[in-house]
Amino acid sequence: MSPRHDEPDDLPSLTALTSAVASFTQASPARMYNYYLGGGDHYEIDRTAAHQVMAAAGGDNITRVARANLQFAGRAAAWAVTKIASSLVLDIGVGLVDDLPIPNLYEAVHEANREATLVGFDYDPIVVTHGRARGYTEVLSGDVRDIDAMLDHPDLAKLGKRVNLGQPTVAVLAAVLHFVGDDEDPARVLIRLHERLPADSALVFSHACSTQIDADTVAGMERGYDKARSQITFRSEEQIDALLNDAGWTPGMPLVDVERWAPPGEVAEQRDKPDPVTSVRCIGTVAFSSKAAA
Ligand SMILES: C[S@@+](CC[C@H](N)C(=O)[O-])C[C@H]1O[C@@H](n2cnc3c(N)ncnc32)[C@H](O)[C@@H]1O
């Protein structure tokens, strides 16, 4: 059937509308994270869920680990851009982090490479809108569970030569994959990302970790996300390491608590830092595509 001439052709899609409605009727992982960090971008529904998580793990601990994760993501991405001489960063799961006194990922990356192109993706429409106003070249709507749809987004092509997926690329998946449940195939996310990005690419990665944490504490934090748009799955050190390695992403350095991560050469400075908290853990690394070694 041909479209009627009086129908506007720019109506939002049903998916976009559903997503926008969900962002006001369910707690949002992005706004909960902003609340942990001490930002101002959250609603009552987010704070209620966040308080449940904070009650399970201790509010100060959650805040400290969230801030350490944000700093890790920026420092690690800046280091990776230099290490692989990349001018393209794909930040998947950008977050709402622009109202904080902590250097943001795009600021850290631009300090390392002023010419770098930063493309963000997020499934939360509020994040996409916020991100567009900040230092990213572009922030697009995308769901990490569908890497192909994300990398084939028609608006990526509009960025022309600035986005060349044939060149070494830094992908960032910081504190995002734990929002992909075991029944949603988190392994496939990493496998497709590895298959689609060229050799010499790097992955900045962090994930909520259950190892050394009391099982009741983990269960309490997971329950806090029961009514959120996505639930959270804490995974063990072994599970996280296997997810990366099995997909072809070889950690360049062992997974460590994000508070302890430092670029190679800066290890001594880290020795003075306090032990990571033990009621909530997020571990991270920079991994490299095994295609380079093949
Ligand atoms: C905890 S925040 C992390 C933000 C940032 N990466 C950082 O580490 O500071 C998680 C982000 O991932 C996004 N997210 C969660 N599930 C997602 C999905 N399936 N697809 C795309 N983004 C997702 C959330 O909207 C949120 O912005």
Helices (runs of 4 or more DSSP H) contained entirely in region 15-106, each with at least 3 residues that are away from the ligand (no atom under 12 Å from the Cβ) and within 19 Å of the chain's Cα centre (by Cα): 59-83
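Let's see how each residue does on (1) more than 27 Å from Asn61 (Cα to Cα); (2) among the hydrophobic types (A, V, I, L, M, F, W, C); (3) surrounded by 14 or more Cβ atoms within 10 Å (Cβ to Cβ):
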residue: Asp143; (1), (2), (3): yes, no, yes
residue: Leu193; (1), (2), (3): yes, yes, yes
residue: Leu203; (1), (2), (3): no, yes, yes
residue: Cys209; (1), (2), (3): no, yes, yes
Qualifying residues in region 120-158 (those that are acidic (Asp, Glu) and within 13 Å of the ligand (Cβ to nearest atom)) - the one modelled with the lowest pLDDT: Asp124
Residues of region 159-177 satisfying the condition of being surrounded by 14 or more Cβ atoms within 10 Å (Cβ to Cβ) and either away from the ligand (no atom under 14 Å from the Cβ) or among the polar types (S, T, N, Q) (or both): Leu159, Arg162, Val163, Asn164, Leu165, Gln167, Pro168, Thr169
Positions within region 114-132 being in contact (Cβ under 8 Å) with a residue 12 or more places away in the chain, farther than 19 Å from Arg67 by Cβ and either surrounded by fewer than 17 Cβ atoms within 10 Å (Cβ to Cβ) or β-branched (Val, Ile, Thr) (or both), in sequence order: Glu115, Thr117, Val119, Ile126, Val128
Boolean, Ile240 is under 19 Å from the mean Cα position of the chain (by Cα) and assigned to a loop (DSSP other than H, G, I, E, B): no
Pairs where the first residue, in region 148-164, is in contact (Cβ under 8 Å) with a residue 12 or more places away in the chain and the second is of a type in the set (Lys, Arg), C-beta under 6 Å, 6+ apart: Leu151/Arg196
Residue that is nearest to the ligand (Cβ to nearest atom), among those in region 107-118 that are of a type in the set (Asp, Glu) and in a helix (DSSP H, G or I): Glu107
Any hit, region 178-195, residues being in a helix (DSSP H, G or I), in contact (Cβ under 8 Å) with a residue 60 or more places away in the chain, within 16 Å of the ligand (Cβ to nearest atom) and more than 24 Å from Gln71 (Cβ to Cβ): yes
Scan of region 51-75 for residues that are on the phi < 0 side of the Ramachandran plot and of a type in the set (Gly, Ala, Ser), ordered by number: Ala55, Ala56, Ala57, Gly59, Ala66, Ala68, Ala73, Gly74
Residues satisfying the stated conditions in region 239-252, i.e. farther than 14 Å from Phe288 by Cβ and either touching a residue at least 24 places away in the same chain (Cβ under 8 Å) or touching a helix residue (DSSP H, G or I) at 6+ places or on another chain (Cβ under 7 Å) (or both): Ile240, Leu243, Asp246
Subset of region 211-237 (residues that are more than 11 Å from the ligand (Cβ to nearest atom), part of a loop (DSSP other than H, G, I, E, B) and surrounded by 21 or more Cβ atoms within 10 Å (Cβ to Cβ)): Gly224, Thr233, Phe234
So Arg145, is it within 16 Å of Gly93 (Cβ to Cβ), of a type in the set (Lys, Arg) and not in a strand (DSSP E or B): yes
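The values are calculated or read from the model by the stated rules, or taken from the named source; none is laboratory data. From a predicted model like this one, the values you see are computed outputs, not experimental measurements. We place every Cβ from the backbone using ideal geometry, glycine too, and count neighbours over all the protein chains shown.
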